[in-house]
Amino acid sequence: MRLFRTRRELGPAVQPVGVLDGCPRSELETIGSASRVVDVPAGSMLCEQGRLSLDCIIVESGRAEVLVHGRRVATIRPGETVGEMGVVQRAPRSATVVARDDMRVRVIPASQLDRVMERAPTFARAVLREVSARLSAANQVRVAGDAVSA
């Protein structure tokens with residue numbers, strides 16, 4: 001089941017924003033050839049917690065809310081990724097992500113992500129830094145919550 005509709009299969013050139021900032025042109029071309037651009041209306045679900053991870057999404061415009069067990073835990077902004085953890089782990093989605101605004105996203109299918117990471121090491125390192133920052137933030141929230149409950 002597709003959670004949103006593809007409006008344009010072939011999109012404009014990849015813009016070097018967020019996780020793509022600093023990527024050489026060859027890496028942007030690799031990402032562009034492996035992905036498709038999708039327009040997502042506000043209120044649409046980009047991915048659903050517990051479902052199979054089928055793609056990695058790079059937000060080009062708009063914002064999305066990240067929900068874990070129905071509780072908002074983060075906001076995703078342009079230049080950030082969604083779904084990369086489930087694809088890399090080959091695990092179900094760890095969160096539901098819902099478009100807060102009309103969005104434009106770039107979708108890399110799971111079947112292409114390993115190839116993209118191998119051929120775009122600057123992008124791969126940026127995604128790793130983003131996931132690491134999310135983990136650090138989650139750990140800080142957990143530690144703060146433990147201190148409050150103690």
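Would you be able to tell me the number of residues in region 40-69 that are surrounded by fewer than 19 Cβ atoms within 10 Å (Cβ to Cβ), of a type outside the set (A, V, I, L, M, F, W, C) and touching a residue at least 24 places away in the same chain (Cβ under 8 Å)? Show your work before the answer.
Of the residues in region 40-69, the ones surrounded by fewer than 19 Cβ atoms within 10 Å (Cβ to Cβ) are 41-45, 48-52, 54, 61, 63, 65, 67-69.
Remaining after also requiring of a type outside the set (A, V, I, L, M, F, W, C): 41, 43-44, 48-51, 61, 63, 65, 69.
Restricting the remaining residues to those that are touching a residue at least 24 places away in the same chain (Cβ under 8 Å) gives 41, 43-44, 48-51, 61, 63, 65.
Adding up the residues that qualify gives 10.
Show the residue pairs meeting these rules: Cβ distance below 6 Å; 6+ apart or different chains; first residue within region 113-142 and crowded, with 16+ Cβ neighbours inside 10 Å and among the polar types (S, T, N, Q); second residue modelled with pLDDT of 85 or more and not in a helix (DSSP H, G or I).
From residues that are crowded, with 16+ Cβ neighbours inside 10 Å and among the polar types (S, T, N, Q), the pairs are Thr122/Gly22; Thr122/Cys23.
Checking the condition acidic (Asp, Glu) and more than 23 Å from Ala34 (Cβ to Cβ), which residue from Asp102, Asp114 passes? Write out each step before concluding.
Values: Asp114 fails: more than 23 Å from Ala34 (Cβ to Cβ).
From the options Asp102, Asp114, the qualifying one is Asp102.
For region 60-78, enumerate the residues that are of a type in the set (D, E, K, R) and in a strand (DSSP E or B).
If the condition is that a residue be of a type in the set (D, E, K, R) and in a strand (DSSP E or B), then Glu60, Glu65, Arg71, Arg72 are the ones that fit.
Can we say Ala110 is of a type in the set (Gly, Ala, Ser) and either modelled with pLDDT of 95 or more or farther than 15 Å from Leu28 by Cα (or both)?
Considered against the rule, which asks whether it is of a type in the set (Gly, Ala, Ser) and either modelled with pLDDT of 95 or more or farther than 15 Å from Leu28 by Cα (or both), Ala110 comes out as yes.
Of everything in region 79-112, what is without any contact (Cβ under 8 Å) to a residue 60 or more places away in the chain and either of a type in the set (Val, Ile, Thr) or part of a helix (DSSP H, G or I) (or both)? Give them in sequence order.
Val82, Glu84, Met85, Gly86, Val87, Val88, Gln89, Thr96, Val97, Val98, Ala110, Ser111
Among the residues of region 8-31, count how many are buried (at least 17 other Cβ atoms within 10 Å of the Cβ) and farther than 15 Å from Arg77 by Cα.
Number of matching residues: 7.
Looking at Gly62, Gly70, Gly79 in this structure, which one is within 18 Å of Asp39 (Cα to Cα) and more than 11 Å from the chain's Cα centre (by Cα)?
Details: Gly70 fails: within 18 Å of Asp39 (Cα to Cα); Gly79 fails: more than 11 Å from the chain's Cα centre (by Cα).
That would be Gly62, the only listed residue that is within 18 Å of Asp39 (Cα to Cα) and more than 11 Å from the chain's Cα centre (by Cα).
Which condition number in (1) surrounded by fewer than 20 Cβ atoms within 10 Å (Cβ to Cβ); (2) over 17 Å from Gln15 (Cα atoms) is the one that Gly86 fails?
Only one criterion is unmet by Gly86, namely (1).
The values are calculated or read from the model by the stated rules, or taken from the named source; none is laboratory data. Note that the coordinates shown come from a computational prediction; the quantities given were computed from them, not determined experimentally. Neighbour counts are summed over all protein chains in view; Cβ atoms, including those assigned to glycine, are modelled from backbone coordinates with ideal geometry.
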